[in-house]
Structure formats: structure tokens, C-alpha cells
1. Under 9 Å by Cβ, and 6 or more places apart or on different chains, what pairs join a residue from the range 258-287 that is touching a residue at least 24 places away in the same chain (Cβ under 8 Å) and farther than 21 Å from Ala185 by Cα with one that is open to solvent by 40 Å² or more (accessible area, probe 1.4 Å) and among the aliphatic types (A, V, I, L, M)?
2. Take Ala81 and decide whether it is under 28 Å from Thr173 (Cα atoms) and either out of contact with any helix residue (DSSP H, G or I) (no Cβ under 8 Å at 6 or more places or on another chain) or of a type outside the set (Phe, Trp, Tyr) (or both).
3. May I ask you to say which residue of Glu156, Glu84, Glu135 is touching a Pro at 6+ places or on another chain (Cβ under 9 Å) and under 22 Å from Thr375 (Cα atoms)?
4. When you go through Asp151, Asp143 one by one, which is the residue that is out of contact with any His (no Cβ under 9 Å at 6 or more places or on another chain), open to solvent by 10 Å² or more (accessible area, probe 1.4 Å) and not in a loop (DSSP other than H, G, I, E, B)?
5. Here are some conditions: (1) at pLDDT 95 or above; (2) open to solvent by 20 Å² or more (accessible area, probe 1.4 Å). Ala358 meets all but one. Which one does it not meet?
6. Of all residues being open to solvent by 30 Å² or more (accessible area, probe 1.4 Å) and not in a helix (DSSP H, G or I) in the range 3-48, which is farthest from Ala391 (Cα to Cα)? Just the residue, please.
7. How many of the residues making up the range 193-242 are among the charged types (D, E, K, R) and not in a loop (DSSP other than H, G, I, E, B)?
8. Give me the pairs, please: first residue somewhere in the range 116-132 and more than 11 Å from Val71 (Cα to Cα), second residue anywhere and hydrophobic (A, V, I, L, M, F, W, C) and not in a helix (DSSP H, G or I), beta-carbon distance under 6 Å, and either six or more positions apart or on two chains.
Amino acid sequence: MMDENLMAGAEALAETLREDRRRLHACAETGFELPETFRYVWERLTEIGLRPKKCGRCGIVAEIGAGERVVLLRADMDALAIREEADVPFACTTGAMHACGHDLHTAMLLGAARLLKDREHLLPGRVRLMFQPAEEILGGAADMLGSGLLDGGKPEAAFMLHVLTNLEVPVGTAIVSAPGVSAPAAAFFEIRVQGKGCHGAMPNTGIDPVTAAAHIVLGLQQIQTRELAMSDECVLTLGMLQAGESANVIPDSAVMQGSMRAFDDQTLAFMLRRAEEIASGTAAVFRAEASFRMLSAAPTLLNDAAQSGTALEALQELLGVERALLSSDLSGDGRKSTGSEDFAEVSHAVPSVMVALAAGQPSAGYSCPAHHPKTMFDESALPAGAAAYAALAMAALTKKTVTNR
């Protein structure tokens, strides 16, 4: 049975949750460079009475409870390289912005740590808290996994929360991912085309990397349209192409960066192989050379059937049946997110579930989507998120049937 005081305890922490969120929001940092964020989370965990440990380049792990059974709760801490335009008194002025809600995730997990610490004597096992950097560049989860995240007792379940804004769903509503893939595999890549610079009036004396790059861009589009079936859900985007600095000079090189996403790991592997082949073959046609480099990647996010059921049951008991839904029960595209999530790395190692939390209705003024410089999140969702984190851990630890992988 759910602790009847869990939600009340979270509501009592509302001011602390807001303070944590706003402090984190105002010092938004990106990638693996999170000195202020790391320091703040470390100090808060220490205040709660925990003994945090550094994991990887700047991840933090802390545990609550004792025993052999372990459940993992994850929050991401990094922001985006976006200059904030949201009209809030705690806006970040450093050129970075928590436009994806990771500040809320971190604040909610800190709140859950307080709730779980107060109930530590009731836990039939350990709750491992994972505060992760570099989610936006799909590198933090793999870094922590490679640095001993699962050492000291492999978790039997792992859960993450992600807030959603610009969604006409009551604030604090939880959406539990249905079993199977809920977020696509992704890869960020770079193609560098090497030519030979020359005067623009004498193109015959050089090798034009711009022309080669332009044909590579067109060739890459054929992967999705001519080499994959309609049923292969995927997308390839080129978001950056740079070459030269002058109108009358053929530059020495050109560089482009892009991303790929697919709901099947094999499909993504095929796209990556073909992209490298197309880049090098096309460049050769124009006497240039092309090098292909992977920047970062993450696999598909897998949701475990047993843990999905546990999560739905626990959150319906905590929030009410109408405020805890299964993604497959939603209409439209509610079943899957087209945005990738590097918690997927954890989901391939531990039975996992991704839970979304509604945190902003357009009708209430939260009309900008995530990753927008004016996006905002409704802070009234914070207590529900903190309680949900705690409820998920407690439910998984008290479940009699255990999923093994």
C-alpha cells in the first residue's frame, strides 16, 4: 500500500522544491561542465544526511536504505546552449538555459531524497539516486555507466521523470510509458569535406569543397526516401553547414553536422553506414575527400513490461486514476516521443521505465515548447514529481515479483 502521507510530505516541501529549482535554473550549465550545479546538488544531498559520490566526469550518486535489492532513480542536470528570453525573475544570464526542464527533474529528485530519507527505515532495500550530466549531448548516461554506476549491487529497476510543457493536460498528471520502445535511437555526426582553396576567379586551380558538400547534403536525403521502407520510422536532419568567409574565395574545407533518429537500433546502424559511404563516395566524384565522425549516440529507450505495470499502479494510487495514464491510452502520437533520451543507455542494462509529467498548459500561458528560448514550466508540478519519484522507488522495492535481465 502507498504511504498515505507521501503526497502531503511532498506538498510540505513545495517551497524548498521551488528554491532548488530556481537556484539551478539561474546557474544553468551545459554538457559536462557543471561546476555550480554539481556543487549545489552535492551540498543539498549532504544536508539531507546522505553521502554523495562522484561518478564519471561530473555525475553524482547517493544511496538511501540498506540491503541487497536496489532501485535506481535518475535526474539529468544539464541545460541547453540557448540564451533565455523567458520572462521570469530567476532567468539565467550566462547564455545557457534550462529549456528542457532538467532543473525541475533535479529539484524533484532532491525532494524525493528528502521523502525517502524520512522513510529510510521502511525501505526493504536501497534507492540509488543518479544525478546525470550531458543528457542533451547524449553522453552523460554512458559516462556514468562506464564509471561504476551499477557497481555495488545492480538495480532491478530504474525510473526517470521528464516534464512536459505546452501540453493541455492537467498539471501534475503522470504519463507512464507503455512496454516497448518509447524514444528513438539517435546519433549526432560530423562530415568534414577537404578540398583545395583557390581564387574564386580560377576554380580550375582548386578543389571546391562547397560543391561536394552540397551534393553530399542531397545524397544523404536519399537514405530515408529511397533506401528504407515506409515502415522504417526514422529521420535525418542536417542542422549545420559551414564553409568559407569570402564571396570570391573557394575555401579549403567545408563541415556539416547532423543527427539521425530511428525507432530500431539496426535501422540507425544502417543509416550511419550509408551516410559515411555516401559522404566519401560523393566527395571523391568532385576530387575532394570526406571524413565521417560520430559525435555522440544513444540506443532506443526500452520500457520493461513488468516495471511499467508497477509504475502505473503506484502512480494511480498516489495521484488518482485520472492523473496517472499509460502512454498507449493516449490519442495521436502519445505513445512515442520523437526526441531521444540517453536514459536509453540505462534501459538496455536495467529494466526501466520513462515517466512524463505534465508541467504547463497552453491555456494557462505555457505556450512555448521545450528547447524554445521563451519556454516556461509550471512549478506547481514539483511536489507531484518529487512524490512520484519516491513512490516509484518504494513500489518497485516492495513488489514481490522481480524482473531480471
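1. From residues that are touching a residue at least 24 places away in the same chain (Cβ under 8 Å) and farther than 21 Å from Ala185 by Cα, the pairs are Thr282/Leu218.
2. no
3. On inspection, the qualifying residue turns out to be Glu84.
4. Working: Asp151 fails: not in a loop (DSSP other than H, G, I, E, B).
Of Asp151, Asp143, the one residue that is out of contact with any His (no Cβ under 9 Å at 6 or more places or on another chain), open to solvent by 10 Å² or more (accessible area, probe 1.4 Å) and not in a loop (DSSP other than H, G, I, E, B) is Asp143.
5. Condition not satisfied by Ala358: (2).
6. Filtering the range 3-48 for residues that are open to solvent by 30 Å² or more (accessible area, probe 1.4 Å) and not in a helix (DSSP H, G or I), the one farthest from Ala391 (Cα to Cα) comes out as Glu33.
7. 2
8. Leu116/Ile64; Leu116/Val127; Lys117/Ile64; Glu120/Ile64; Phe131/Ile60; Phe131/Ala75; Phe131/Met77
The values are calculated or read from the model by the stated rules, or taken from the named source; none is laboratory data. None of the values given here were measured: they were computed from a predicted structure. Here the Cβ is made from the backbone with ideal geometry for all residues, glycine too, and neighbour counts use every protein chain on show. Accessible surface is based on the protein model in full, side chains and every heavy atom, while ligands, DNA and RNA are left aside. Shrake-Rupley method; radii C 1.70, N 1.55, O 1.52, S 1.80 Å.
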